[in-house]
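Notes to accompany the following structure.
Here, each number is a calculation from the coordinates, and none is a lab measurement. Quick caveat, the model's predicted, so the values are computed rather than measured. Positions of Cβ are generated from backbone atoms using ideal geometry, with glycine treated the same way; all protein chains shown enter the neighbour counts.
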Amino acid sequence: MTVAPLTTAIPAVAPSGSGGWFSLADQSLAGDIISREDAHRVLASPDAELLELLAAAYRVRRHHWGNRVRLHFLLNAQSGLCPEDCHYCSQSKISSAEIEKYPFMAQEQILAAAERAHSLKAGTFCMVISGRSPSDRVFNQVLDTVREVKARYPMKLCACLGLLNEQQTQQLAEAGVDRVNHNLNTSEAHHGDICTTHTFQDRMDTLRAVQSAGITTCSGGIFGMGESHDDIIDMALTLRQINVTSVPLNFLIPIPGTPFEGRQDLTPPQCLRILSLFRLLLPSQEIRIAGGREVQLRHLQPLGLYAANSIFIGDYLTTPGQAAQADFDMIRDAGFVLEGPDGEALPEMG
Ligand code: SF4
């Protein structure tokens, strides 16, 4: 299937479409919130209207982000051995997945990863550690490493460290952390079905601690874990309500050895409906197609860029991503350009 870039194809006054998708885009662009009923219609829309829905989401994406794509680079700086029981996660205490397990990496290894992130034109370097929350020793190592990475590379730095209190987020801000990631993962109602060792409220408290330190919040979710359409909508509305800046949307990779092994609830069109809904509900936020992009969107990956404006380049926490060159080619072929850390369009691609 050849899909023409929509960059110049959208007329000033777009047709309403059989699903009225363009009028939802108009509402979103006007700053109005689309109704729950319309959000349900988006998630249950027929395949025949998928491109029209995506074009409506693209109107909103284009207004706020043009044709730019932000790249993030993820480093799992401490892997496995986690006492929590997040059912989707290969690093949890209840997972028997065969993954590499290691304590917090030596600073030289992290700096080497930051160098690679920079060479791949990533605007943001995301440093992740497994665990419920960092020990004092690891937290101090994180602070030292943050200072070093920030001194050497002109990238934004995002830290994903588990549950954090206000004192910790203040220290992270002082060390130069630009952003903290802490995903809500799903709705409050569904959270107990995916994790029992901490609560949705614990996660909300961490996000409030991040915001109280003046750090940008990154928070999103994972789909394909048995959630209902109401759960998807509730999570999007919560993220809107707490005013997160960056929204990573993961599509479950059903890793063997985890409780969600073998689950296959998603289809590529459904992933695109979810991405479109989030763009309509979170119009100006940075929406990232995160883990599961290759596995769940498969050949429709490039279409996701018409709703989302950001992807990870390189690998995920414990699973590989596609080659960086394939991502560069995808972005260029679909008519998009890379965006630097300060929002500037980058002239060169890999
Ligand atoms: S998601 Fe984080 S807290 Fe949950 S099991 Fe995995 S590493 Fe632990």
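So here's what we get for this one:
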| quantity | calculated |
| --- | --- |
| Unit charges at the beta carbon, dipole of the chain: most positive-side option, Gln27, Gly291, Ala97 | Gln27 |
| Label-point separation, Gln325 to Asp265 (7 Å along Cα→Cβ), nm | 3.8 nm |
| Principal semi-axes in Å for the range 217-296 [√(5λ), Cα gyration tensor, largest first] | 22, 12, 12 |
| Farthest positive-ward along the range 68-337 dipole, Cα basis, beta-carbon charges - from Leu275, Leu249, Ile331 | Ile331 |
| Structure-based [θ]222 nm, the chain - -39500 (n - 2.57) summed over DSSP H runs of at least 4, per residue, nearest 500 | -11500 deg cm²/dmol |
| Förster radius 25 Å - calculated FRET efficiency between Asp342 and Leu111 (Cβ-Cβ, nearest 0.05) | 0.70 |
| Computed over the range 124-270: relative contact order in percent, which uses C-alpha pairs under 8 Å that are six or more apart | 20 percent |
| Extension gain from Leu237 to His64, taking 0.36 nm per residue of separation minus the Cα-Cα distance | 60.4 nm |
| The range 95-149: Rg to Rh, with Rh as the Kirkwood radius over Cα pairs | 1.00 |
| Magnitude of the charge dipole, the range 110-163, Cβ model with Lys/Arg +1 and Asp/Glu -1, debye to 20 | 140 debye |
| Cα pair distances of the chain binned at 10 Å [whole percent] | 5, 26, 36, 25, 7, 1 |
| Computed over the range 256-350, Kirkwood Rh from alpha-carbon pairs, angstrom | 14.5 Å |
| Computed lengthening from Ala173 to Asp202, 0.36 nm per intervening residue step minus Cα-Cα distance | 8.4 nm |
| For Leu281, Leu317, order by how many other beta-carbon atoms lie within 10 Å, fewest first | Leu317, Leu281 |
| Residues His72, His299, His64 arranged by fewest to most Cβ contacts within 10 Å | His299, His64, His72 |
| Whole-number percent relative contact order across the range 68-337, with pairs defined as alpha carbons under 8 Å at least 6 apart | 21 percent |
| The range 17-134: radius of gyration over Cα atoms, expressed as a fraction of 2.2 N^0.38 Å | 1.55 |
| Dipole magnitude of the range 222-350 about its Cα centre (Cβ charges: Lys, Arg +1; Asp, Glu -1), debye to nearest 20 | 260 debye |
| Only Lys, Arg (+1) and Asp, Glu (-1) charged, at Cβ; the chain dipole about Cα centre in debye | 500 debye |
| The chain: Lys pairs at Cα distance under 27 angstrom, eight or more positions apart or on different chains | 5 |
| Kirkwood Rh in Å, taken over the range 137-208 so that all alpha-carbon pairs contribute | 13.4 Å |
